[in-house]
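What follows is a short report on a single structure.
The values are calculated or read from the model by the stated rules, or taken from the named source; none is laboratory data. Predicted, not measured: the structure shown is a model, and the values here were computed from it. For neighbour counting, all protein chains shown are included, and Cβ atoms are generated from backbone atoms with ideal geometry for every residue, glycine included. Quick note on the areas: whole protein, heavy atoms, side chains included, nothing else; ligands and nucleic acids left out. Shrake-Rupley method; radii C 1.70, N 1.55, O 1.52, S 1.80 Å.
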Amino acid sequence: MAYTAHKDEESLRERFDSPSELAAKVDQLASFVREAAHMVVFTGAGISTSAGIPDFRGPDGKWTREAQGKEPLRGVSTVSAFPTLTHMSLVELQARGILKYLISQNCDGLHRRSGMPGDAISELHGNSNIEVCETCGQSFFRDIACHRATRSRDHFTGRFCSRADCGGPLLEYTIDFGQNLPVAALELAEQNSRRADLHLVLGSSLTVSPACGLPQTTAKCGGRLVIVNLQRTPLDELSALRIYARTDTVMTMLMERLGVPVPPFRLRRRFVFFPNVVDDGSSPSSRKLQLRAVDVHDPSLELSLVREVDWSAALASANRSSTSTTSTMVPVTVTFTGHYREPTLCLNVDISPHAPIQDLEATYDPVAFVWSDARVQALRAPPQPSARARTQQEHGRGYAKSHFDYCVAGVAKMNPDLSKSDCVEATRLQLQRVRHTARSAPSQFRPPQMTVTLATPQPSPSPVSSSSAAGAATLAPVMRKIEISGRNGEFRKVATPQEEQAMNEHVARCDSEMCHAVWRGPWGPFIGGPDGKHYFDLTLCEEGARLNQTIGWDINNPRA
């Protein structure tokens, strides 16, 4: 808010240490880090300015400009901003056990996107990429900014929990001015601040309470407080070391002195593939395949990072996989939101009925725009909910309760004559009405198809016969087809085992490159063509053309 901006020029002024002063101070900071047994870092908006996200109280900060009657500067979208050198330095320090805990006032999501584990950070002001279920407490980390549906105290986003046994309303996980901080996150931050022997503040003006009191707790408990910020802060007199420099500059120099390289930003995606999902509603003549996007640090935590999944190759291979005793590897194509211009990711999975559960992880280079080959590991059993997952749900339920109390306070403020119980009931009815309306309205959020059902093939009545004179196979038309995911009204044909045998026998002895192109295209047998829509009938081989047409292609309309 504009009223929280610095009120005088002296508070607003940015200061810079000289190169020699800075070098000496970072040397001292490096010594503090080496000596620390429990190092805690506290971050503010200043660490994200180099990512193109404006701060709040700098000379061109959001609140500063609004207080001056100016429009805030438009920065880079938080969902497509690159984590900074400071973000990536903290990730590496945490991975090496040097950084014990991270406390942040930022809600831009860059800490989590940089690779910081969720159980290693307290995001005191929330995270704009997270939705929390009002009913079960489950958190959903998304590739979109999770905005509330209306401009009000109610953080309801208009979406609902995707857990099969829940379906509760989802809340934007951010904190408004006047709203209590998440209790669990604040408690963890306080515990680690009391325990810390080194508390490093990066890019915060330390003016927003109660968060700003956490570094002060460390200093009062005898720990060292180091503040890196261009402007003065109310806690400067408590600091053992005060550095006036940009956080990226300080962290680059610090990492050099510690001998720790700063890793480049890489987008990590992890999936668990289930080749044989069993549930109470499963038909004995079918089985389900399921792909879950999960947390890179905890595969029991399901995330919502996928926009679309293309199962067409798996469906086209269903006949082979249903009876195969060996691996049936097929590509499953995953599409993301594309904030970092990431292309689709092709995951090769084994869909045979006896295949193990598969844990897959791929890394994306946002500079070269390429995915690494996915690492695949077989799992003996499904990932079980971890202690971290259970704790996260408890925290989520705590946030939901705090959110309800915040909404009640809003009703009480607007209706000072109402009793507390009346305010609670009025709030309950108001929220209930909003959620009922949203549940009844057509959803604008279409979840991706993460599960697909494979039908067990029935014996085909179509006979297969070979002509010894011409070496040709005769097939009766079958005309079985499946819908193409994401392409309304388009279908692909599905070959029976007999058709596939005839095709394989023909291709084995046929010299026509066109037959190979038609029958072994990128979408699997009997598809053909660079995008699965062309060259169905373009073979000069008479036998191949006849087999192709017999399988069910309509030469004039290959999509029919």
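Being assigned to a loop (DSSP other than H, G, I, E, B) and at pLDDT below 95 is the requirement here; does Ser128 meet it?
In short, no.
Please specify each residue of the range 77-111 satisfying the condition of being of a type in the set (Gly, Ala, Ser), modelled with pLDDT of 95 or more and open to solvent by 40 Å² or more (accessible area, probe 1.4 Å).
Residue satisfying the conditions is Ala95 alone.
Quick one: in the range 375-394, of everything that is at pLDDT below 90 and not in a helix (DSSP H, G or I), which residue is surrounded by the most Cβ atoms within 10 Å (Cβ to Cβ)?
Looking at residues that are at pLDDT below 90 and not in a helix (DSSP H, G or I), I get Pro383.
Given the structure, is Leu186 of a type outside the set (Phe, Trp, Tyr), at pLDDT 95 or above and open to solvent by less than 40 Å² (accessible area, probe 1.4 Å)?
The answer is no for Leu186.
Can you confirm whether Thr337 is assigned to a loop (DSSP other than H, G, I, E, B) and under 19 Å from the mean Cα position of the chain (by Cα)?
Judged against the criteria, Thr337 is a match.
Looking at Ala219, Ala185, Ala211 in this structure, which one is farther than 26 Å from Leu12 by Cα and small (Gly, Ala, Ser)?
Being farther than 26 Å from Leu12 by Cα and small (Gly, Ala, Ser) holds for just one of Ala219, Ala185, Ala211, which is Ala185.
Within the range 160-197, can you find the residues that are among the aromatic types (Phe, Trp, Tyr) and assigned to a loop (DSSP other than H, G, I, E, B)?
Across the range 160-197, the qualifying residue is only Phe177.
Quick test for you: out of Arg195, Arg142, Arg163, Arg153, pick the one residue that is modelled with pLDDT under 90, over 16 Å from the mean Cα position of the chain (by Cα) and either more than 26 Å from Phe336 (Cα to Cα) or not acidic (Asp, Glu) (or both).
Arg163
What pairs come out if I take residues in the range 411-424 that are in a helix (DSSP H, G or I) and pair them with residues that are of a type in the set (Val, Ile, Thr) whose C-beta lies under 7 Å away, six or more apart or interchain?
Correct list of pairs: Val411/Thr427; Cys423/Val408; Cys423/Val411; Val424/Val408.
Out of all the residues in the range 1-33, which are open to solvent by 40 Å² or more (accessible area, probe 1.4 Å), in a helix (DSSP H, G or I) and at pLDDT below 80?
Of everything in the range 1-33, those that are open to solvent by 40 Å² or more (accessible area, probe 1.4 Å), in a helix (DSSP H, G or I) and at pLDDT below 80 turn out to be Tyr3, Glu9, Glu10.
Can you tell me which residue within the range 204-228, out of those that are at pLDDT 95 or above and under 23 Å from Pro54 (Cα atoms), is surrounded by the fewest Cβ atoms within 10 Å (Cβ to Cβ)?
Among them, the one singled out is Ile227.
Restricted to the range 150-167, and to residues that are surrounded by fewer than 19 Cβ atoms within 10 Å (Cβ to Cβ) and among the small types (Gly, Ala, Ser), which residue is farthest from Glu308 (Cα to Cα)?
Per the criteria, the residue is Ser152.
Does the range 92-113 include one or more residues that are closer than 20 Å to Leu198 by Cβ, within 20 Å of the chain's Cα centre (by Cα), assigned to a strand (DSSP E or B) and without any contact (Cβ under 8 Å) to a residue 60 or more places away in the chain?
Checked against the condition, which is being closer than 20 Å to Leu198 by Cβ, within 20 Å of the chain's Cα centre (by Cα), assigned to a strand (DSSP E or B) and without any contact (Cβ under 8 Å) to a residue 60 or more places away in the chain, the range 92-113 yields no hits at all.
What tally of residues in the range 227-252 results from selecting those that are assigned to a helix (DSSP H, G or I) and over 31 Å from the mean Cα position of the chain (by Cα)?
Summing the residues that are assigned to a helix (DSSP H, G or I) and over 31 Å from the mean Cα position of the chain (by Cα) in the range 227-252 gives 3.
Given the criteria among the charged types (D, E, K, R), at pLDDT 90 or above and over 27 Å from Leu454 (Cβ atoms), does Arg397 qualify?
yes
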